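One structure is given below, encoded as structure tokens.
Please treat every number below as a calculation from the coordinates, not as lab data. Note that the structure is predicted; figures quoted are calculated from it, not measured. Cβ atoms come from the backbone with ideal geometry, glycine included; neighbour counts cover every protein chain shown.
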Amino acid sequence: MNYQPSPQRYASMEYRRCGRSGIKLPAVSLGLWHNFGHVDTYKNYRQILRMAFDAGITHFDLANNYGPPPGSAEENFGKILKKDFAGYRDELIISSKAGYLMWPGPYGEWGSKKYLVSSLDQSLKRMKLDYVDIFYHHRPDSDTPLEETMTALDLIVRQGKALYVGISNYGAEEARKAIGILKQLGTPCLIHQPKYSMFVRWVEDGLLNVLEEEGVGCIPFSPLAQGLLTNKYLNGIPSDSRAAKPHGFLKEEEVSEHRVEQIKKLNTIAEQREQTLAQMALSWILKDDRITSVLIGVSKPEQLTDSLQCLNNKKFSGEELAEIETILHS
Ligand SMILES: NC(=O)c1ccc[n+]([C@@H]2O[C@H](COP(=O)([O-])OP(=O)(O)OC[C@H]3O[C@@H](n4cnc5c(N)ncnc54)[C@H](OP(=O)(O)O)[C@@H]3O)[C@@H](O)[C@H]2O)c1
């Protein structure tokens with residue numbers, strides 16, 4: 001069936017400026033790490049993408065290795081782009097990344113210029129795109145000079161294959177260095193993509209301050225801790241959940257008794273706030289102005305509808321924040 005995007009798609013989304021750049025991103029962005037590979041159901045992920053765009057989500061995040069198999073999320077996204085979004089490319093911010101293993105031999109992962117340039121060429125082919133909006137170095141590489149990796153990002157922008165560049169999983173000090181090199185090269189770092197949720201807090205110990213000082217945006221990934229910060233694991237591990245899937249990155253042992261205790265207590269606070277736990281976990285991140293967008297994953301259309309309502313209640317009382325801290329430190 002032909003898809004006509006909703007004329008109301010920009011009515012309710014909030015857009016936040018990404019650092020000190022000209023780009024605004026939706027407060028909620030959608031990632032295609034899980035649920036968009038060849039192992040997943042076409043009809044389901046096509047519906048999720050349509051719903052996301054209809055809700056004002058303009059930013060879709062990919063990487064060379066998303067699937068499984070690696071590369072298949074980009075392929076599938078490319079197909080749907082062509083079918084449903086062909087006339088809307090200028091309304092979309094599409095990102096991809098390179099850093100993890102993609103092909104055998106010494107040039108198939110990490111941070112050399114050889115790898116980054118070849119990998120982006122492959123990603124563009126899979127998505128049938130001329131350029132991506134943001135290209136990231138996916139993880140730091142201590143064996144490659146940072147200058148080489150950053151020069152590769154600069155080159156890719158000069159070649160017109162990406163409009164902006166970003167870094168992901170870089171610690172505070174290595175991020176500061178990378179941002180400095182990019183600035184000297186004349187290709188400012190647009191954004192950093194770190195793991196951040198109520199359960200994973202390392203960015204609070206320096207990275208967020210560096211990004212604010214340098215005028216770089218921040219888009220936390222796995223803000224729901226891969227689904228732990230939702231109501232799904234309150235009573236065991238459902239068979240269709242990430243923790244139960246053989247290719248899921250959330251391991252059964254991460255749904256520990258202690259975690260479930262914390263989740264139950266957090267869920268009670270969410271209920272008092274008239275939110276679901278997923279909504280509260282996202283609002284909790286978005287309460288900080290240094291955050292540009294939360295980068296969520298979704299396995300079902302209903303989850304998207306649920307999570308998007310985080311935008312309706314982003315204020316926390318001092319008491320609520322203190323109660324949350326007590327639970328997180330328990
Ligand atoms: N840069 C990096 O190194 C890196 C690493 C990881 C991820 N990422 C990016 O971040 C994106 C998001 O990561 P993530 O998928 O781990 O994020 P997440 O939002 O923490 O977890 C998504 C999972 O949570 C569950 N979920 C989502 N909304 C729900 C709701 N309202 N109610 C109940 N369950 C809900 C679903 O799990 P079920 O499948 O169990 O239903 C969904 O697959 C990725 O797609 C990718 O773009 C980047």
Per residue, the convex hull volume that the Cα atoms of region 1-134 enclose (Å³)
111 Å³
What list do you get for Leu266, Leu321 if you sort them by fewest beta carbons within 10 Å?
Leu321, Leu266
Here the percent of antiparallel bridges among DSSP beta bridges lying wholly in region 15-328, to the nearest 5, is 15 percent
Taking the Cβ-Cβ separation of Gln309 and Lys183 as r and a Förster radius of 56 Å, what is the calculated FRET efficiency to the nearest 0.05?
0.90
Gain in span if fully extended, Lys265 to Met1, counting 0.36 nm per residue against the direct Cα distance:
90.6 nm
Listed peptides 123-135, 246-258, 26-38 by packing density, highest first (mean Cβ within 10 Å):
26-38, 123-135, 246-258
Region 171-330: relative contact order in percent, alpha carbon pairs under 8 Å with at least 6 residues between
23 percent
How would you rank 150-157, 80-87, 186-193, highest first, on the average number of other Cβ atoms within 10 Å across their residues?
186-193, 150-157, 80-87
Note, ³J(HN,Hα) from phi for region 304-319, Karplus 6.51, -1.76, 1.60, rounded to Hz, x at Gly and Pro
5, 4, 4, 4, 4, 6, 4, 6, 7, 8, 9, 8, 10, 6, x, 5
Please report Thr326, Thr149, Thr58 as a ranked list, fewest other C-beta atoms within 10 angstrom at the top and most at the bottom.
Thr326, Thr58, Thr149
Hydrodynamic radius by Kirkwood for region 15-328, inverse mean 1/r across distinct Cα pairs, in Å, is 19.9 Å
Given 0.36 nm per residue, what is the gain on full extension from Asp288 to Gln122 after removing their alpha carbon distance, in nm?
56.1 nm
Test of understanding: ordering Lys245, Lys232 by Cβ neighbours within 10 Å, fewest first, what list do you get?
Lys245, Lys232
For region 164-174, in residue order, the Karplus 3J(HN,Hα) values (coefficients 6.51, -1.76, 1.60; θ = phi - 60°; whole Hz; Gly and Pro = x) are 9, 10, x, 10, 9, 6, 7, x, 4, 6, 5
For n ≥ 4 DSSP H runs only, could you compute -39500 (n - 2.57) per run for the chain, divide by its residues and tell me the 222 nm figure to the nearest 500?
-11500 deg cm²/dmol
List the relative contact order of the chain as a percent without decimals, with contacts defined as Cα pairs under 8 Å and 6+ residues apart.
17 percent
Just to check, using Stokes-Einstein with a Kirkwood Rh over alpha carbon pairs, what's the diffusion coefficient of region 250-330 at 37 °C and 0.692 mPa s in µm²/s?
240 µm²/s
For region 39-182 the mean separation of alpha carbon contacts under 8 Å (6+ apart) over residue count, i.e. relative contact order in percent, is 20 percent
Contour excess over end-to-end distance, with Cα ends at Glu252 and Leu101 and 0.36 nm allotted per residue:
51.9 nm
Distance in nm between pseudo-label sites at Leu155 and Arg201 (7 Å out along the Cβ direction from Cα)
4.2 nm
What's the ranking of 289-298, 5-14 by average number of surrounding C-beta atoms within 10 Å, highest first?
289-298, 5-14
